[in-house]
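A short worksheet on the structure shown next.
The values are calculated or read from the model by the stated rules, or taken from the named source; none is laboratory data. Here the structure is a predicted model, which is why all the values come from computation and not from measurement. Here Cβ is always computed from backbone atoms with ideal geometry, including for glycine, and neighbour counts include all displayed protein chains. Just the protein is used for accessible areas: all its heavy atoms, side chains included, with ligands, DNA and RNA removed. Shrake-Rupley method; radii C 1.70, N 1.55, O 1.52, S 1.80 Å.
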Amino acid sequence: MKTLYIAPGSPWENGYNESFNGSLRDECLNLHWFGTMTEARRLIEAWRQDYNESRPHTALGWLTPQEFALAAALQVAE
């Protein structure tokens with residue numbers, strides 16, 4: 001096994017990170033004009049909570065992270 005080097009400025013080599021960055025930019029940063037750092041933090045945190053807690057993800061079989069965690073916990077308990 002060999003460790004691969006990801007060159008700086010090579011976004012195509014880190015698809016997961018670039019997918020997240022694209023979602024953040026398209027769904028949050030491009031939609032809001034932040035007047036203050038406080039406002040930016042509030043709006044980005046609201047987006048982050050929605051992204052991490054309540055919206056379905058393809059990688060989780062179209063389940064929300066909470067639904068996926070519950071299903072995994074139930075599976076372990078069986």
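Just so you know, in the range 7-34 the residues that are small (Gly, Ala, Ser) and either touching a His at 6+ places or on another chain (Cβ under 8 Å) or open to solvent by 60 Å² or more (accessible area, probe 1.4 Å) (or both) include one that is modelled with the highest pLDDT, and it is 19.
Among the numbered conditions (1) open to solvent by 60 Å² or more (accessible area, probe 1.4 Å); (2) modelled with pLDDT of 90 or more, the only one that residue 47 does not meet is (1).
Scanning the range 50-64 for residues that are out of contact with any Phe, Trp or Tyr (no Cβ under 9 Å at 6 or more places or on another chain), part of a helix (DSSP H, G or I) and open to solvent by less than 90 Å² (accessible area, probe 1.4 Å) yields 50, 52, 53, 54.
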